[in-house]
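The values are calculated or read from the model by the stated rules, or taken from the named source; none is laboratory data. Because the structure is predicted, anything quoted here is derived from the model rather than measured. A quick note on method: Cβ atoms are made from the backbone with ideal geometry, for glycine too, and the neighbour counts reach across all protein chains shown. Ligands, DNA and RNA are stripped out before the accessible areas are found, and what is left, the full protein with its side chains, is counted by its heavy atoms. Shrake-Rupley method; radii C 1.70, N 1.55, O 1.52, S 1.80 Å.
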Amino acid sequence: MACIALVGALGGASSAHAGTYTVRAVSPGVPTSHGWIGDVQSLGSNFVSAWSTGGLVGQFSLPRTNFAPGEQMVWGFQSDRDNIVGWSFTETVSGIAGGDWNTLASSGHGPWLVADVPSFNHGAHNYGFNLPGARMVTMALMCGGPRSCLGSNAEIRLANVDVALSDPESPKASAVGPLVNGIAPLKGTTDLTVNATDENAGVYRAQVWVDNVARSSTILDANGGYCSPVSGTTHVFIVQRPCKVAAGGSVTLDTTKLSDGEHQISVVVEDAAGNASTVFGPAPRVIDNVPPPVNTERPSIIGTRSVGGSLSATSGVWTGSGLKFEYQWQRFEANTWRSIAGAVRPDYTVTAEDGGKSLRVLVRASNGDGTTEAEAPSVAIPEPKGTVLPEGTGTGVPVQEPAETPVTRTQNGAGPVATATLDAKFTDTRRPTTTMGWGAKRRVIGTLLGRDGAPIVGAKVDVAVTSQLMDATAAALGEVVTDVHGRFAYELVGGISRTVRFAYRPILEERTHTQRTEVTARVIPKVTLTADRRKLRNRQAVTLRGRVEGAPAGSGKVVELRAYDGGRWRTFATTRLRGERGTFFYRYRFTRTTWPTNYRFRAVVRAEAGWPFVTGQTNAVKVHVRP
């Protein structure tokens, strides 16, 4: 039988990283077929074993108060494989009145293994154990002898009981859908169907990653709720086999929350232990959510309405971006509108042929998603003075509704605002994305140009930001103003990962933005780690403490603790962020150091959906241990 090594006070059994998952005792209990067992080696009579609030309880009950050597009360967990690699709990003992009581831990059937657990009445104590791969773990309150034991409802109560199980195999998976099969640009909401199998912990979830950030996460089959992790966790469940061996489902990616352009996209399937298989990518996919143009305010004609006068057409106000405009002037004659040859520019000089007739202009707006046409209200051109009309010909001007009275509007900037194009990039990458450290600054340079690259000067560009927290919404930050070259600048200072949107309205009184562009900053967290002791002996413990700057309060984010062993970094335990300052700690006891050794530790915090950072890690912390 393998020995159990006491490794210190834990917040949970080592888990929540790839290859390991946790089974947690909760109330009410689950069927014993799922691993939890009571009275597995109990001897004697008048025992009570039950689920208590948040854990397990075993009791030597009244009216008996005297118990013979060998009588014992046992709680435990039994797996169907030799895959138990960690065990932690909070233990309370009460009701002991005298005699040779023992509280003992075991990693299976056979002689009890003393685990330094006190055998006297005491309040809550935390314990944790690393195991090489056991099939059963048990905890007992027993009368060890040789004397009898006295007690009044003597009991052992276990809370916060976590059992860590290993799973070395990754799931097998496939995916079909436009996201992985097509080459056409993606727009709106796109779905894909994922099917997977996993023989051990079972198939847990599928995720869509965009530019190294998890944007969508879906549990493929909740398995009656067993495959849904304990609240606030990602790989902690209440049964031994939480997820189904085979599962499938639909995964959705909302591309409207991404900036247009090329992104690196991958699809990953995880089992309950965090083992991941990539079923697609990373591969480039183009996002294009530019809608077909829609005219929200008609074009208009301004200028001198007489022969020889100059008229100009405004393009009107349109939705969409990347718009290009075409113009066609028309004349009303012979009871129909006819296009004027060569009159295809916004400006038009009224000719003698237009006298006594009406003119209008058609405006066609086009982008990558189509073409839409709108017409300006017609204007009447009077006959030149002194013109004698043939008898009975009339004026040649069709009967029309009264011309619409123009509404006074404030143009946003000087220049060709109706044909504006908006663009923004980070100066360090010359792309709309960048990766930056916590507390760093990044500068964004943008341009607002009209037709033929002419600058739009003094325009106000609205600025809003959306953090990469789950379900975050955009928050307005104010505005920037373009200079004489149609350029503007914006500086990101510190903070979490976020997307900044720049939007332009050609008319200040209008609420609709005709141009939008986005930039995204991915932030590497600042993670620190210290050891309370740098030199110690075997059997002594070190406390590792750390912090993630800027972590959202109450996030409970998993922190992996890793040690350098055998030429590579290995995860040996996990803990979680606590409180509002994003701190964490873990106490580790050295038990197997037989010669002077320098140990190196570091902490890793990984990217996941709803966590506003990319993966980050600490520098190595060295601890010297002597036998």
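When a 1.4 Å probe is rolled over the protein heavy atoms, the share of accessible surface on segment 472-593 that falls to carbon and sulfur comes to 44 percent.
When the alpha-carbon atoms of the chain are used, the pair Rg, Dmax equals 36.3, 137 angstrom. If you take the Cα centroid of segment 285-308 and the Cα centroid of segment 178-215, the two points sit 39 Å apart.
What Kirkwood Rh does segment 314-379 have if only Cα atoms enter the pairwise 1/r average? Answer in Å.
Numbers: mean 1/r = 0.0780 Å⁻¹.
Every distinct Cα pair counted, the radius reaches 12.8 Å.
Measuring how big segment 432-555 is from its alpha-carbon positions, Rg and Dmax come out at 21.5, 76 Å.
Only protein atoms count toward the accessible area here, which uses a 1.4 Å probe; on segment 207-298, the carbon and sulfur part of that area reaches 51 percent. Accessible area per residue for segment 538-608 is 49 Å², calculated with a 1.4 Å probe on protein heavy atoms, without ligands, DNA or RNA. If you bin all the Cα-Cα distances of segment 483-591 at 5 Å, starting from zero, the percentages per bin are 2, 9, 13, 14, 13, 10, 8, 7, 7, 5, 5, 4, 2, 2, 0. Centroid-to-centroid, using Cα positions, segment 250-280 and segment 550-627 are 27 Å apart. Legend: Rg and Dmax of segment 497-541, from Cα coordinates, 25.4, 74 Å.
Remark: the Ala283-Ala489 segment gains 71.0 nm on full extension, using 0.36 nm per residue and subtracting the alpha carbon distance. Note on segment 158-297: percent of Cα-Cα distances in each 10 Å bin, starting at 0 and stopping at the bin with the largest distance, equals 12, 38, 27, 15, 5, 2, 0, 0.
Kirkwood Rh and Cα-based Rg: tell me the resulting Rg over Rh for segment 257-316, rounded to two decimals. Kindly include the intermediate steps, with their values, before the conclusion.
Details: Rg = 25.6 Å, Rh = 16.9 Å.
Rg divided by Rh gives 1.51.
For segment 200-354, the per residue solvent-accessible surface stands at 41 Å², with DNA, RNA and ligands left out and a 1.4 Å probe. With R₀ fixed at 60 Å, the C-beta to C-beta distance from Arg443 to Phe120 puts the FRET efficiency at about 0.40.
Note on segment 116-183: semi-axes of the ellipsoid equivalent to its C-alpha gyration tensor, largest first and rounded to whole Å, are 49, 14, 10. Placing one equal scatterer on every Cα of segment 424-493 and applying the Debye formula, the log10 ratio I(q)/I(0) at q = 0.27 Å⁻¹ is -1.25. Shown is the FRET efficiency for Asn66 and Thr615, computed with R0 = 60 Å from the Cβ-Cβ distance and rounded to the nearest 0.05: 0.55.
Lysine pair count for the chain (Cα-Cα distance under 18 Å; residues 8 or more apart in sequence or on different chains): 9.
How many percent of all Cα-Cα pairs in segment 472-515 sit more than 16 Å apart? Please list the in-between numbers first.
Details: 495 of 946 pairs.
In whole percent, the long-distance tail amounts to 52.
Each 10 Å bin from 0 upward holds the following percent of the Cα-Cα pairs of segment 208-280: 17, 46, 27, 9, 1.
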